[in-house]
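Participant: If you scroll down you'll find the structure; I have some questions about it.
The values are calculated or read from the model by the stated rules, or taken from the named source; none is laboratory data. Model, not experiment: these values are computed from the prediction. We place every Cβ from the backbone using ideal geometry, glycine too, and count neighbours over all the protein chains shown. Areas reflect the complete protein model, heavy atoms only, side chains present, ligands, DNA and RNA absent. Shrake-Rupley method; radii C 1.70, N 1.55, O 1.52, S 1.80 Å.
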Amino acid sequence: MEPVNTASAQDLERLLLSCLRSPRWSRRVAAHRPYPDLASLLAAADEAAYDLRWTDLGEALAAESLPALPPDTYAAAHTALNAAHAAYEARFGHAFVICLDGLSPSEVLDRILEAIRSRLTNDQEEERAVTAEELRRLASGRLLDALRNAGTARSATDARPAAPRRSHVPPVSH
């Protein structure tokens, strides 16, 4: 945890904002330094995410995009995903987000499409709650990934189950 605890405010902010584009979340997580261990950092990140207002979540959502599909996905699948996302965005006014932890690449498309279709039946308040939870899960997983990549995290079993890498780049158009 030393690199997190001793990082400059600017470096820590850059790291945290790469996990969740919410300045309020970033400031709250940074303000609780020093962290005695990884579990404490992840707990603080979760707590800060639970306390975000919808305007804070809106800032984070503005930086999100559809998860990338596996490279060998058919063009028709891209079309279906883009159409489902457009319907979701028209209904709720923001990007669809989903945490894909634990899924193999072959499961990604079906899970995304199923989740969008299912969540389109939510009312605004239900969907806000689901969206906030997905953003919290994404932030936590991204933070753990960033720390692993920086060599500061112990084995994932010390803090939480291992998660596959997440990809949140715009989908490929065909």
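Participant: How many percent of the alpha carbon pairs in segment 1-44 exceed a separation of 16 Å?
Facilitator: The answer is 28 percent, as a whole percent.
Participant: Amide H of Ile98: which non-local residues (sequence gap of 5 or more, or other chain) have their own amide H closer than 5 Å, using H built in the peptide plane?
Facilitator: Residues meeting the criterion, in which the H sits 1.01 Å from N, do not exist here.
Participant: Could you give the semi-axes, largest first, of the ellipsoid that matches the chain, computed as the square roots of 5 times the alpha carbon gyration tensor eigenvalues and rounded to whole Å?
Facilitator: 29, 19, 13
Participant: Could I ask something else about it? GNM on the chain, C-alpha springs below 10 Å: top fluctuator among Asp72, Asp51, Asp101?
Facilitator: Looking only at Asp72, Asp51, Asp101, the largest GNM fluctuation is found for Asp72.
Participant: With unit charges on the beta carbons (Lys and Arg positive, Asp and Glu negative) and the dipole taken about the Cα centre of the chain, which residue among Ala49, Pro105, Gly93 sits farthest to the positive side?
Facilitator: Toward the positive end, the furthest listed residue is Ala49.
Participant: Shifting gears a bit: Which chymotrypsin sites (Phe, Trp or Tyr not before Pro) does segment 72-151 hold that lie in a coil by DSSP with at most 15 other beta carbons within 10 Å?
Facilitator: Tyr74
Participant: Convert each backbone phi in segment 20-37 into a coupling constant with the Karplus relation 6.51 cos²θ - 1.76 cosθ + 1.60 (shift: θ = phi - 60°), then list the ³J(HN,Hα) values in order as whole Hz, x for Gly and Pro.
Facilitator: After applying 6.51 cos²θ - 1.76 cosθ + 1.60, I find 7, 7, 10, x, 5, 4, 4, 4, 5, 5, 5, 5, 8, 5, x, 9, x, 7 Hz.
Participant: Using heavy-atom solvent-accessible surface (probe 1.4 Å) with all chains present, what is the largest-first order of Val97, Val130?
Facilitator: From most accessible down to least: Val130, Val97.
Participant: If you plug each phi of segment 2-18 into the Karplus form 6.51 cos²θ - 1.76 cosθ + 1.60 with θ = phi - 60°, what whole-Hz ³J(HN,Hα) values come out, in order, with x for Gly and Pro?
Facilitator: So the J values, rounded to whole Hz, are 4, x, 5, 6, 9, 4, 5, 4, 5, 5, 5, 4, 4, 4, 5, 5, 6.
Participant: Next question, about the same structure. Label points 7 Å out from Cα along the Cβ direction at Arg14 and Ser106: separation in nm?
Facilitator: Going from the Arg14 label point to the Ser106 one covers 4.0 nm.
Participant: Carbon and sulfur atoms: what percent of the 1.4 Å accessible area of the chain do they account for?
Facilitator: Looking at the chain in its full context, I get 53 percent from C and S.
Participant: For the chain, report the accessible area per residue in Å² (1.4 Å probe, heavy atoms, rounded to an integer).
Facilitator: Counting only protein heavy atoms, the per-residue value for the chain is 51 Å².
Participant: Another question about this same structure. Let me understand segment 12-71 better: what is its radius of gyration from the alpha carbons, and its Dmax, in angstrom?
Facilitator: Rg then Dmax for segment 12-71, in Å: 12.8, 41.
Participant: Computed over the Cα atoms of segment 59-123, what is the convex hull's projected area averaged over all directions, in nm²?
Facilitator: Average of the hull's projected areas for segment 59-123 equals 4.7 nm².
Participant: Here's another thing I want to ask about it. Relative to the Cα centre, what is the charge dipole magnitude of the chain, using +1 at the beta carbon of each Lys and Arg, -1 at the beta carbon of each Asp and Glu, and rounding to the nearest 20 debye?
Facilitator: Using only the charged Cβ atoms, the result is roughly 320 debye.
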